[in-house]
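The values are calculated or read from the model by the stated rules, or taken from the named source; none is laboratory data. A quick note: this is a predicted structure, and the numbers were derived from the prediction, not measured. Neighbour counts run over all protein chains shown; Cβ positions are idealised from the backbone, glycine included. Only protein heavy atoms, including side chains, enter the accessible area calculation; ligands, DNA and RNA are left aside. Shrake-Rupley method; radii C 1.70, N 1.55, O 1.52, S 1.80 Å.
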Amino acid sequence: MLTAIEKTDKKMFELIRGEQARQAGSIRLIPSENYVSVAVMEATGSCLTNKYAEGYPTKRYYEGQQFTDQIETLACERAMALFGADGANVQSHSGSEANLAVYAALAEPGETIMGLSLPFGGHLTHGWKVSYTGKFFKSVQYELDPSTGLLDYDQIEKLAREHRPKILISGSSAYPREIDFSQFDRIAKSVGAYHVSDMAHIAGLVAGGVHRSPVPWSDVVTTTTHKTLRGPRGGMILFQDQHAKAINKSVFPGLQGGPHMHTISGVAVALKEAATEDFKAYARQVVLNAKRMAAKLMEYGFDLVSGGTDNHLMLIDLRGKGLSGKPLAKALDRAHIECNYNSVPGDTAPPFNPSGLRLGTPAMTTRGMKEPQAEQVAAWIAAIAENPENESVIEKVGREVTALCKAFPVPEVFVRIRED
Ligand SMILES: *Cc1c(COP(=O)(O)O)cnc(C)c1O
């Protein structure tokens, strides 16, 4: 791979090679990241990047759609089959665009949307003030119970009764527990709101059968395609039949021009991979690894928000250790352990230096790492947290991380597909 770039653009070749080596040589614990298969990368890097396909299959504004129509239809069919949805739109360029398109389809500007507040783990696009979703719509934000770190469905219901939102949003970027979508559905119905669920983080766990699905409980489900689902970067919308027209119109021509057909072909490949038994085993292992890492971290005396995890991620609350997130994340990065600093529920520290660390297991699991490696990672984090300025400890851990990464190379193909 990259042989043409090497000939034409040495500088870029070296930069991409550098990133490739960095990804291979570090334990990547950012829970929204992963490694995709070479098959997904081949599709994403294919000639489909040359094609305009404004519109939808059989209803395009440009000719030459003999293959693109089939590609997009296949991607939609695979998405619908995998998640049991009535309909799918695979054109959103990202999860954020998918959310904005859905809100614009279901609500008028100025109407009320209600989502989880960003410092409590909600996404920017769930109505946070700096996001256009918080400017174009009236945004009411619910929070987690700061004492338990859990969703408080009674509180959400109370707020919904008071503000009567047009859209109630479930889903999170940093919630370590299983979400009860049936509660959101019940609350939304009781106030006449649409329930939009954003499963960006957990789509792969839902596909793999280790997290309950929001699809039966939601008017519309949005997701990214590149997190636990392990596809190329993109967005996807699943919907009930009655919303098909509004959603499709909202994505195109409402918000976007031409769909990225190269991404859509990669999404289709990833969705086929996600329907395999191997993918189910990966999803199960993601959760087993996270549970083991969480248990070990607690043994080392770390406070975990909500006391553990049910899914692929965990949030360390560092306040008890007198540490803050940013210096620790930076020290870990020097030891080739990548994670991100994050606010914890009820955090009073500023968002650019919050009190928490967010860790997840999808990428390490894709490399084949299991519980013993999850324990090892927890031990390394504990060693560095003892003294994040002790460079000799950081160096020692860094060497051990490098050795582990060599033992678990990034695989090129990780699901066996039975040909149909
Ligand atoms: C990551 C994420 C998104 C946005 O995805 P982008 O592709 O980065 O725009 C939306 N919602 C949630 C819950 C997310 O975690």
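Numbers for the structure displayed
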read-out: Residue 41-residue 246 FRET efficiency (beta carbon distance; Förster radius 25 Å; 0.05 resolution); value: 0.15
read-out: Lys, Arg +1 and Asp, Glu -1 on Cβ, resulting dipole of the stretch 41-274 about Cα centre, debye, nearest 20; value: 260
read-out: Residue 86 accessible area, assembled protein chains, probe 1.4 Å, Å²; value: 80
read-out: Signed unit charges on C-beta, dipole axis of the chain, positive-most listed residue 383, 76, 115; value: 383
read-out: Accessible surface of the chain [probe 1.4 Å, protein heavy atoms]: carbon and sulfur percent; value: 53
read-out: Cross-link partners of residue 406 among lysines (Cα-Cα below 28 Å; sequence separation of 8 or more within a chain); value: 10, 11, 227, 280, 291, 296, 326, 330, 370, 396
read-out: Largest to smallest accessible area among 15, 124 [probe 1.4 Å]; value: 15, 124
read-out: Cα shape, the stretch 134-201, gyration tensor, a/c 1.5 rule; value: rounded
read-out: Rounded to 5, the percent of DSSP beta bridges in the chain classed as antiparallel; value: 60
read-out: Given charges at Cβ of Lys, Arg, Asp, Glu: the chain dipole, positive-most of 207, 226, 409; value: 409
read-out: Where the stretch 41-274 is the region considered: accessible area per residue in Å², 1.4 Å probe; value: 40
read-out: In Å², nearest 10: area of residue 333 left accessible to a 1.4 Å probe; value: 80
read-out: Full-stretch length increase - residue 164, residue 24 - with 0.36 nm per residue and alpha-carbon distance subtracted; value: 45.5 nm
read-out: Cα-based shape type of the stretch 1-119, given that a ≥ b ≥ c are square roots of the gyration tensor eigenvalues and the cut on a/c is 1.5; value: oblate
read-out: Whole-number accessible area per residue in Å² for the stretch 285-407, which is evaluated in the context of all protein chains at 1.4 Å; value: 39
read-out: For the chain, calculated [θ]222 nm from helices alone, where every DSSP H run of n ≥ 4 adds -39500 (n - 2.57); value: -13000 deg cm²/dmol
read-out: Within a Gaussian network of the chain (alpha carbon springs, distance under 10 Å), most fluctuating of 39, 363, 207; value: 39
read-out: Label-point gap, in nm, between residue 77 and residue 182 - each point 7 angstrom along Cα→Cβ; value: 3.3
read-out: Reachable lysines from residue 245, criterion Cα separation under 24 angstrom, eight or more residues apart if same chain; value: 59, 166, 189
read-out: 73, 112, reordered so the largest accessible area comes first (probe 1.4 Å); value: 73, 112
read-out: Candidate residues 380, 217, 128: accessible-area rank, largest first, probe 1.4 Å; value: 217, 128, 380
read-out: Hypothetical label at residue 212: residues of the stretch 77-109 whose amide nitrogen lies under 19 Å (7 Å Cα-Cβ projection); value: 83-85
read-out: Spin-label model distance (nm) - residue 154 vs residue 130, 7 Å beyond Cα toward Cβ; value: 3.5
read-out: Furthest towards positive pole of dipole, 343, 307, 329, structure part the stretch 291-362, Cβ charges; value: 329
read-out: Using a Förster distance of 41 Å, the FRET efficiency for residue 11-residue 298 (Cβ separation, nearest 0.05); value: 0.35
